[in-house]
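A short worksheet on the structure shown next.
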Amino acid sequence: MKIPIDQDRLSSEIEALASFSDAEPPAVARIVFTPQDLKARAWLRARCEEAGLKIRYDAIGNTFARWTGADPAAPVIGTGSHIDAIPNAGKYDGVVGVLGGLEAIRALQRAAFQPKNSIELLVFTAEEPTRFGIGCLGSRMLSGNLTAEAARKLSDREGAPVEQVRAQAGLGDELESVNLPNAYYKAFVELHIEQGPLLERERIPLGVVTKIAAPASLRVSIEGAGGHAGGVLMPDRHDALCAAAELILDLEQAARSSGAIDTVATVGICEVFPGAVNSIPSQVRLSVDIRDTDLNRRDEVMQTLDAASRTISARRQVAISSQLLNADAPGDCSPIVIEALSESCRKHGLQFRTMVSRAYHDSLFISRIAPTAMLFIPCRKGYSHRPDEYASPEDIARGTLVLAETLAALSQ
Ligand code: GLV
Ligand code: MN
Ligand code: MN
């Protein structure tokens with residue numbers, strides 16, 4: 001079977017989706033359930049319906065677009081990713097897996113392929129933690145890793161609860177209904193840009209992912225004492241930002257000295273109160289993101305952060321508290337899906353390597369309820385989560401071809 005990928009159409013659809021954004025191009029920002037995200041969802045729905053797919057939204061807004069197979073009762077072959085984008089993002093993170101998944105289905109239709117198992121494109125809600133503070137909201141709920149009760153307690157930075165935000169987006173039904181039934185999937189495959197430099201550096205066009213690193217995130221609050229920047233003498237100060245600076249550097253050191261290249265730690269948000277040039281910072285809020293492919297090593301960094309907080313708090317007489325938002329185990333990909341992807345690469349004479357994913361993905365959670373693996377394509381210099389993120393049309397088309405071949409192999 002020859003699978004004709006329409007590379008030009010896919011490229012123009014990636015551009016079209018990037019236009020639904022709250023950032024100045026080339027940057028993209030598409031935060032879940034904002035007006036731009038809702039427009040993007042409507043646009044995508046129309047593309048799926050053009051392809052004859054049947055659409056269903058669940059109560060948290062995960063979107064299922066189904067190509068019904070010859071055996072509609074058989075477990076589903078899933079593919080997909082996310083279309084939400086963090087502030088100052090690029091065009092490709094998540095989008096390649098969604099629009100590539102759609103094009104893979106269309107290409108199989110053009111090839112007159114008849115699936116036995118239904119093939120379903122899944123667009124996950126809020127893979128990015130921007131709005132609700134926790135990543136992979138949709139896939140956590142689908143896989144039973146976040147209960148409806150816990151989800152109801154989430155709210156956005158403006159204090160709007162999930163229930164209110166999803167109601168405004170037109171989503172009814174109870175959150176309890178999001179959890180997928182057991183054995184819903186026969187297999188799940190996610191196509192994604194690598195978000196790292198290895199494929200480009202090694203000039204290998206495809207990466208088959210065998211493991212997804214374990215992410216953890218925390219909010220840290222530091223309470224010191226404010227006051228006049230001129231009047232308060234240095235020995236009398238309890239500057240919350242100076243304490244935060246020490247803590248951030250201790251965290252960096254803990255990750256750097258873990259002994260493994262896979263340990264990473266980031267403070268991506270630092271909010272300073274009251275935020276006046278002539279006022280000593282009295283309060284700081286930090287977001288902390290720690291990851292590793294090895295759970296124990298990741299947890300050791302978390303313990304070091306805890307110990308550093310206690311030391312700095314005692315020495316500087318500031319209060320430091322932290323709230324754990326998530327600490328997830330790593331995900332193992334399925335040997336069956338890894339082999340299906342590898343075999344598809346071989347069939348098309350395409351070189352590939354196996355690799356781990358240091359970024360997290362919805363596949364981390366889907367891998368707990370279904371045989372799952374991911375396919376990576378190169379992105380320029382490994383850039384991601386920045387406006388100059390780029391993957392070439394040829395690389396995207398190659399990834400889409402291997403995805404289509406794999407979906408076909410799994411669905412017969
Ligand atoms: C996902 O976007 C991640 O931060 O890994
Ligand atoms: Mn991302
Ligand atoms: Mn992503």
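The values are calculated or read from the model by the stated rules, or taken from the named source; none is laboratory data. As the structure is a prediction and not an experimental result, all values here were calculated from the model. FYI the Cβ positions are ideal-geometry reconstructions off the backbone, even for glycines, and counts take in every protein chain you see. Accessible surface is based on the protein model in full, side chains and every heavy atom, while ligands, DNA and RNA are left aside. Shrake-Rupley method; radii C 1.70, N 1.55, O 1.52, S 1.80 Å.
Out of Ile86, Ile55, which single residue is of a type in the set (Val, Ile, Thr), without any contact (Cβ under 8 Å) to a residue 60 or more places away in the chain and in contact with an Asp or Glu (Cβ under 8 Å, 6 or more places away or on another chain)? Walk me through how you get there before you give the answer.
Working: Ile86 fails: without any contact (Cβ under 8 Å) to a residue 60 or more places away in the chain.
Among Ile86, Ile55, only Ile55 is of a type in the set (Val, Ile, Thr), without any contact (Cβ under 8 Å) to a residue 60 or more places away in the chain and in contact with an Asp or Glu (Cβ under 8 Å, 6 or more places away or on another chain).
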### Message
What's the number of the only condition in (1) closer than 23 Å to Asp294 by Cα; (2) open to solvent by 10 Å² or more (accessible area, probe 1.4 Å) that Ile204 fails to meet?
### Response
(1)
### Query
Is at least one residue of the range 140-151 open to solvent by 20 Å² or more (accessible area, probe 1.4 Å), without any contact (Cβ under 8 Å) to a residue 24 or more places away in the chain and under 30 Å from Ala73 (Cβ atoms)?
yes
### Task
Six or more apart or on different chains, Cβ under 7 Å: which pairs go from a residue in the range 1-22 that's in a loop (DSSP other than H, G, I, E, B) to one that's of a type in the set (Asp, Glu) and surrounded by 15 or more Cβ atoms within 10 Å (Cβ to Cβ)? Could you list them?
Ile3/Glu405; Ile5/Glu103; Asp6/Glu103
### Query
Within the range 354-395, which residues are open to solvent by 10 Å² or more (accessible area, probe 1.4 Å) and touching a helix residue (DSSP H, G or I) at 6+ places or on another chain (Cβ under 6 Å)?
Pro371, Pro378, Tyr390, Pro393
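Can you confirm whether Pro25 is under 26 Å from Phe132 (Cα atoms) and either at pLDDT 95 or above or open to solvent by less than 20 Å² (accessible area, probe 1.4 Å) (or both)?
Values: under 26 Å from Phe132 (Cα atoms): yes; either at pLDDT 95 or above or open to solvent by less than 20 Å² (accessible area, probe 1.4 Å) (or both): yes.
When the stated conditions are applied, Pro25 passes them.
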### Task
Filter the range 77-99 down to the residues that are crowded, with 24+ Cβ neighbours inside 10 Å and assigned to a strand (DSSP E or B), then identify the one that is farthest from ligand 1 (Cβ to nearest atom).
Ile77
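Suppose the filter is in a helix (DSSP H, G or I) and surrounded by 24 or more Cβ atoms within 10 Å (Cβ to Cβ); does Leu102 pass it? Walk me through how you get there before you give the answer.
On the way: in a helix (DSSP H, G or I): yes; surrounded by 24 or more Cβ atoms within 10 Å (Cβ to Cβ): yes.
Taking the combined requirement at face value, the residue satisfies it.
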### Task
Go through the residues of the range 166-180 one by one and say whether even a single one is surrounded by 20 or more Cβ atoms within 10 Å (Cβ to Cβ), within 16 Å of ligand 1 (Cβ to nearest atom) and charged (D, E, K, R).
no
